[in-house]
1. By how many degrees, 0 to 90 and rounded to 10, does the Cα axis of helix 199-211 deviate from the longest principal axis of the chain?
2. Quick one: plug the Kirkwood hydrodynamic radius of the chain (C-alpha pairs) into Stokes-Einstein at 25 °C, 0.890 mPa s, and report D in µm²/s.
3. Please find the FRET efficiency linking Ala101 to Arg261, where r is the Cβ-Cβ separation and R0 is fixed at 30 Å, and quote it to the nearest 0.05.
4. Between Leu197, Leu126, Leu35, which gets the highest mean-square fluctuation from a Gaussian network model of the chain, Cα cutoff 10 Å?
5. Once both labels are modelled 7 Å past Cα along the beta-carbon direction, what's the Asp149-Glu112 spacing in nm?
6. So what is the calculated 222 nm ellipticity per residue for the chain, using -39500 (n - 2.57) for each DSSP H run with n of 4 or more, over all residues, to the nearest 500 deg cm²/dmol?
7. So which lysines can Lys124 reach, going by Cα to Cα under 27 Å and dropping same-chain residues fewer than 8 places off?
8. Quick check on the range 121-280: take the gyration tensor over C-alpha atoms, sort the square-rooted eigenvalues as a ≥ b ≥ c, and tell me if it's rounded (a/c under 1.5), prolate or oblate.
Amino acid sequence: MTINYDLHTHSTASDGAYTPTELVQQAARSGIDALALTDHDTTSGLKEAMAAGSESGIQVIAGLEISVSWNKKTIHLIGLNIDPEATALQKGIEGLQEIRADRAIEMGRRLEKAGIPGIYQAAKDLAGSGMVTRTHFAHALAGLGLAVDVRDVFKRYLTPGKPGYVNTTWAEMGEAINWIKSAGGVTVLAHPQRYNLTGSWLRRLVLEFRDEGGLGLEVLSGVASPGEVQSSTEYAKRYELLASCGSDFHSPQYQWPKLGRMPRLPESLTPIWTAWGATP
Ligand code: AMP
Ligand code: MN
Ligand code: MN
Ligand code: MN
């Protein structure tokens, strides 16, 4: 029997719509056998997700998505099969959590200056006890009817050069990979085609990622087109990286990605789960 893996998803611990329990239950219903919860810069949903996994009879893999700054660009790394309690990892992401909290205040300040008051509090309320992300700001702004949808809000307010954008220095790539390694996990470069990099920049990124100890490339991402999957497949082969697949599911409110709809990884690639001893 082939195991249906989804190794990149979000819950209310960061910018997902489902609680960890709801996410695991929905994943089980959607035919996923092994699910990684990978919230932005936090492991706080993992305990609940693991418990829900035992209840629902699916395997839950402990993970997270770490924000990294590389050559002034924000890059996302997925840590998989981690020990969430590991000290160096927890210390590291605590730093990122502070950066997130400060950034949120600054985003609110700038939006207020742009004539939109009260957004910090609204975003913070939406985030509850979880990480405050741009997604929460986007929902708060969309709620004011300032844009047609969340995508449009990002374009108008939350991307470089726009009023709510705050340039942020996250973790260093090698540092984040070491946190994951010291927590017994493996690191995957998330959605490689989403950084708008030229071929030569993407090559540099992949090489540096591998040199710093990165093991896998997210070849199948819920947000990648067939052409992008093809390109990532070539990169994984050429640079001998293991292949990961993750929907990057956030919410049933979005048309795409949906849970349980990932195609299989190309046969020619070695799946990332072999790194923790699971059968190919
Ligand atoms: P942050 O890490 O707080 O900067 O937020 C990044 C998150 O915003 C990503 O993980 C996505 O979930 C979301 N995001 C980024 N760009 C867009 C976009 N154009 N449309 C919808 N969501 C987006
Ligand atoms: Mn997100
Ligand atoms: Mn991401
Ligand atoms: Mn993600």
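1. For 199-211 against the chain, the angle is about 70 degrees.
2. On the way: Rh = 19.0 Å.
This corresponds to a translational diffusion coefficient of 129 µm²/s.
3. Details: r = 34 Å, r/R0 = 1.15.
Approximately 0.30, to the nearest 0.05.
4. Leu197
5. It is 3.2 nm.
6. Working: 9 runs with 107 residues, N = 280.
Counting only the DSSP helices, I get -12000 deg cm²/dmol.
7. Lys47, Lys72, Lys73, Lys91, Lys113, Lys155, Lys162, Lys258
8. Details: a/c = 1.83, a/b = 1.65, b/c = 1.11.
Prolate shape, in that a/c is at least 1.5 and a/b is the bigger ratio.
Coordinate-derived values only; no laboratory data. Predicted, not measured: the structure shown is a model, and the values here were computed from it. For neighbour counting, all protein chains shown are included, and Cβ atoms are generated from backbone atoms with ideal geometry for every residue, glycine included.
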